[in-house]
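Structure first, commentary second.
Any read-out appearing in this document is the output of simple, stated calculations on the displayed coordinates, not a laboratory observation. This is a predicted model, so every value here is computed, not measured. Heads up, the Cβs are rebuilt from the backbone with ideal geometry, glycines too, and the neighbour counts pull from every protein chain shown.
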Amino acid sequence: MDLGIKGKRALVCASSKGLGLGCAEALAAAGVDLVMNARGTDALEASAESIRAAHGVQVQTIACDVTSAEGQAQVIEAAQGVDILVTNAGGPPPGLWSDWDRDDFIKALDSNMLTPIAFMKALLPSMMDKGWGRVVNITSQSVRAPIPALGLSNAARTGLTGYVAGTARQVAPKGVTINNLLPGIHATDRANSLDGGVAAQKGISIDEARTQREATIPARRYGTRQEFGAACAFLCSQHAGFIVGQNILLDGGATNLTI
Ligand code: NAP
């Protein structure tokens, strides 16, 4: 399917690996020029070069922490006038409800709620001026059904979801859509590190932890970054202009819900 976005320009935050990289690759495959970001330069430059070679699009890289004020200023300057924004950052660490104090919550809110909001606030106006834009926020299945060990993530991402629900309706009249993609378990470094935590806690191997977790997913496997990226690119396409303010689960059926 021709997504109809060849020649557009996208910012994909936190995109040297994992789900962000999947989104960057799928947008590039549709002919979209990119601004890519991550903290570490090695993986960022390698991923950018591989995308340039595979798809012939222009890729600018900005290495910085996207959750810091300085990092946001750098990325926003480079991304002025983008047509597409994909927000993403690392997720908060797991723990127990009684572990977390105010500073932990502020950090999680900064990373997974206030950072995407800052990017939308900075980049929505030019999309609205042009009469066309797409925003996809990478959130989590924890927005639909809480993951008890990820209380910081449950809290911060639900806050972002509430913000998007209202804002999406305010910008839609200008041809700009905002939607959230909610990943369930995908085979990325993040999933490996969570499996490592479970393995250490239960005294089992990482492979055993993964097999046990796969058994809880109706699709009986983890998702891939390519599947995730394809869904993101569709939401950013010309065909998705009537999809507004939605929260789309990509979880192999793991979240047991009727609607
Ligand atoms: P990942 O494989 O660990 O990749 C994270 C990417 O983001 C890397 O490129 C990393 O590069 C970059 N990054 C992290 N923190 C950053 C920061 N502060 N500033 C700039 N770049 C940053 O993670 P993932 O699995 O793709 O997860 C992406 C998001 O989806 C996370 O918020 C995660 O909690 C959420 N999620 C993932 C899953 C899953 O199963 N994978 C499920 C639900 C939710 P650097 O380290 O070099 O910065």
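Numbers for the structure displayed
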quantity: Residue exposure sequence - Met36, Met113, Met1 - by fewest surrounding Cβ within 10 Å; calculated: Met1, Met113, Met36
quantity: Highest-MSF residue in the chain out of Leu96, Leu27, Leu19 [GNM, Cα springs under 10 Å]; calculated: Leu96
quantity: Packing-based order for 228-237, 77-86, using average beta carbon neighbours within 10 Å, highest first; calculated: 228-237, 77-86
quantity: Sequence-distant residues sharing a close amide H with Thr61 (under 5 Å, placed H); calculated: Met36
quantity: Spin-label model distance (nm) - Ala53 vs Thr211, 7 Å beyond Cα toward Cβ; calculated: 3.6 nm
quantity: 0 to 90° range, to nearest 10: angle between helix 115-130 axis and the chain longest Cα axis; calculated: 20 degrees
quantity: Coarse-grained scattering of region 30-104 at q = 0.16, 0.19 Å⁻¹, given as base-10 log I(q)/I(0) from a Debye sum over alpha-carbon atoms; calculated: -0.68, -0.86
quantity: Volume per residue of the C-alpha convex hull in region 81-198, rounded to whole Å³; calculated: 102 Å³
quantity: Cα lying deepest toward the dipole's positive end in region 50-201, options Val176, Ala69, Ala165, charges on Cβ; calculated: Val176
quantity: Approximate spin-label separation Arg169-Ser193, in nm, with each point projected 7 Å along Cα-to-Cβ; calculated: 3.7 nm
quantity: Rg ratio (alpha-carbon, reference 2.2 N^0.38 Å) - region 117-259; calculated: 1.17
quantity: Electrostatic dipole magnitude of the chain [Cβ: Lys, Arg +1; Asp, Glu -1; Cα centre; debye, to 20]; calculated: 700 debye
quantity: Peptides 130-140, 152-162 ordered by average Cβ neighbours within 10 Å, highest first; calculated: 130-140, 152-162
quantity: Cα-based radius of gyration of region 197-259 once divided by 2.2 N^0.38 Å, which approximates compact folds; calculated: 1.49
quantity: Whichever lysines have a C-alpha closer than 29 Å to that of Lys6, once near sequence neighbours (fewer than 8 apart) are set aside; calculated: Lys17, Lys121, Lys130, Lys174
quantity: Inter-probe distance in nm under a simple model that places probes 7 Å from Cα toward Cβ, at Ile243 and Leu257; calculated: 1.5 nm
quantity: Where Rh is the Kirkwood radius over Cα pairs, Rg/Rh for region 66-112; calculated: 1.11
quantity: D_trans [Stokes-Einstein, Kirkwood Rh over alpha-carbon pairs] for region 1-67, 37 °C, 0.692 mPa s, µm² s⁻¹; calculated: 286 µm²/s
quantity: The chain: Rg to Rh, with Rh as the Kirkwood radius over Cα pairs; calculated: 0.95
quantity: Taking the chain and dividing mean pair separation by its residue count, relative contact order in percent (alpha carbons under 8 Å, at least six apart); calculated: 22 percent
